[in-house]
There are 4 protein chains.
Amino acid sequence: MVVIMQIKINNASAWPAYQQVVDQIKRDVALGRLKKGQQLPTVRQLAGELTLNPNTIGKAYRQLEQENIIYTRAGAGAFIADIDNQLNKSVRRNLIIDQLEHAAVDAFHMQITKAELRKWFEGILGEFNFNSKEGTSR
Amino acid sequence: MVVIMQIKINNASAWPAYQQVVDQIKRDVALGRLKKGQQLPTVRQLAGELTLNPNTIGKAYRQLEQENIIYTRAGAGAFIADIDNQLNKSVRRNLIIDQLEHAAVDAFHMQITKAELRKWFEGILGEFNFNSKEGTSR
Amino acid sequence: MVVIMQIKINNASAWPAYQQVVDQIKRDVALGRLKKGQQLPTVRQLAGELTLNPNTIGKAYRQLEQENIIYTRAGAGAFIADIDNQLNKSVRRNLIIDQLEHAAVDAFHMQITKAELRKWFEGILGEFNFNSKEGTSR
Amino acid sequence: MVVIMQIKINNASAWPAYQQVVDQIKRDVALGRLKKGQQLPTVRQLAGELTLNPNTIGKAYRQLEQENIIYTRAGAGAFIADIDNQLNKSVRRNLIIDQLEHAAVDAFHMQITKAELRKWFEGILGEFNFNSKEGTSR
DNA sequence: GTGGTCTAGACCACC
DNA sequence: GTGGTCTAGACCACA
């Protein structure tokens, strides 16, 4: 009943392990691999698979809960939540724009052309089934 | 001869101070506000302006030097370097794509449409004088 | 003879399921929807309706009995009790004041005006048939 | 330079220790005892005073940061943030109303009169300097 | 069984 | 010095 996750932890990464878990679960939700109501692996189970401490997974789940990506019920498990993150929109909008600008700055310093960067960007957008007035446009 | 920097540090930001300095200098280079050969403020001078510890500025300059954004000459100061970051292109390519994807994931969770995200992205690209039209500028 | 309950369990809520059952029954008594002597559904019956574990309902009933909101008769069922919670009044007084103060603190951090908060409070009081006019009703 | 806190932890309470720390700091901010920019005690210092583990205090500080009550800077300390919690307003509005209603339900079961409950409520409001169009009205 | 809390003690990045 | 991350292992409430 529990989903099989395809999470990989890079110990050499500058990002903390719990953050990598958060990011990859958010990504899986965005890509449609995880859907509303699905149960996530238990804390202990995922900790075992990734050879991390259960506390570390617990921290990741707590952060996901706070972002309304999942909800957790002690004694029951952790589940993908319904999407309702209209909140904080103004704050997060800036975060997203910051990320895009940051990527553009780095691209400049690598002498990447706008055309190339655009191509990468469109490639990523293509992977998502956005809540799109664009419906079947791809 | 020394450039006047327009750097602002946000103490409440999640990013460490030295990282904010690095990012804003990289951004100014990318936007053309800082050009090859221009001298940066001394560590102590900039530390004074931003009311930061000189160690913090020193760390920022060291990172910029490592990324070949600036070069430092003992007894002379720090200067904007010529662009030659062809080096670890494949590594950085992935970093940029990661950033773009990360932004897209966050956008999904905010229920932002592809069209809107594309608009933001183009807006950012518009600010830069990218190599596309300046292929020979170095 | 058995009352039809209008209880809803929110799985995504931070409150445990048994607590939600307790709260809603207490609320229904306070609002006059449930009256002295009325029989509650059996544990199994309510568990079935709410798709919860009978243990969970059992725990809720046990807590309600302990608070003298209901009484249970072996072989007969659970019934709404007469009000006689004069007992640990001083203890509970503090609990209520704590709740009110907690709400006020949260309201402050949301920059809600006193007038607005007062309006909400009066709105809630209006729903109840308090003892003020029913002094002799028991 | 660091504020002296008047926090007390009740080990017998049903509330976890870290939650009690969060609540009391929020309360002190709301009551005006802690003001924008003030530095909080260090994690280790407060942990020592309350004979709790530094991790427990760290958890409390992290939660306060997420609620935008404070901001923390590794290597510098934790500070009271500027108020800007306009976000989540609709969500939190319901939380506050839930708390008020909960208190009213409990008061009913204690046979407290509306007048008495109102008196308590006004007593609490009196302690706060709300961002009030009521200015000096008290 | 589940997740949540807490402790003890380690190591790291940042200032 | 600061806070942040992580581990190991304990205990608790909930389902």
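At each listed q (0.21 Å⁻¹), what is the log10 of I(q)/I(0) that the Debye formula gives for chain D modelled as equal alpha-carbon point scatterers? These q points yield log10 I(q)/I(0) values of -1.36.
What do you get for the angle between helix A:54-66 and the principal long axis of chain A? Use alpha-carbon atoms, 0 to 90 degrees, nearest ten. The two axes meet at around 60 degrees. Taking every residue in D:16-24 and counting other chain Cβ atoms within 10 Å of its Cβ, the average works out to 1.
For chain B, the longest principal axis of the alpha carbon atoms and the long axis of helix B:17-30 meet at an angle near 80°. When each of the peptides A:6-13, C:5-12 is scored by how many other beta carbons lie within 10 Å of its residues on average, the order from highest to lowest is C:5-12, A:6-13. Peptide D:54-63 shows a mean partner chain C-beta count of 1 within 10 Å per residue C-beta. Computing Rg and the Kirkwood Rh from the Cα coordinates of the stretch A:17-80 gives a ratio, Rg/Rh, of 0.92.
Note that the stretch B:104-121 has calculated 3J(HN,Hα) couplings of 5, 4, 4, 4, 4, 5, 9, 6, 8, 6, 4, 4, 5, 4, 4, 4, 4, 4 Hz, one per residue in order, obtained from phi through the Karplus relation 6.51 cos²θ - 1.76 cosθ + 1.60 (θ = phi - 60°); glycine and proline are x.
Tell me what chain D gives for mean residue ellipticity at 222 nm when only DSSP H runs of n ≥ 4 count, each as -39,500 (n - 2.57), the sum divided by the residue total, rounded to 500 deg cm²/dmol. The per-residue figure over chain D is -16500 deg cm²/dmol. Sorted shortest first, the distances from the A:R73 label point to those of the same residue in the other copies are 3.4, 4.4, 7.0 nm; each point sits 7 Å from Cα along Cα-to-Cβ. The residue in chain B that lies nearest, by its beta carbon, to the axis linking chain B with chain C is given here with the distance in whole angstrom as B:M110, 11.
Take every pair of alpha-carbon atoms less than 8 Å apart whose residues are at least six positions apart; their mean separation over the length of chain C yields a relative contact order of 22 percent. Pairwise inverse Cα distances across the stretch A:1-43, averaged and inverted, put the Kirkwood hydrodynamic radius at 11.2 Å. In this assembly of identical copies, the label point of C:E127 (Cα plus 7 Å along Cα-to-Cβ) is separated from its counterparts by 2.5, 4.6, 4.8 nm, sorted shortest first. When the Cα convex hull of the protein assembly as shown is projected onto planes of every orientation, the mean area is 32.9 nm².
Between the alpha-carbon centres of the stretch B:95-110 and the stretch C:33-79 there is a gap of 50 Å.
Each value in this text was obtained by applying a stated rule to the coordinates, not by laboratory testing. In this text, all values refer to a predicted model and were calculated from it rather than measured experimentally. Cβ sites come from the backbone with ideal geometry, for glycine too, and all protein chains shown count toward neighbours.
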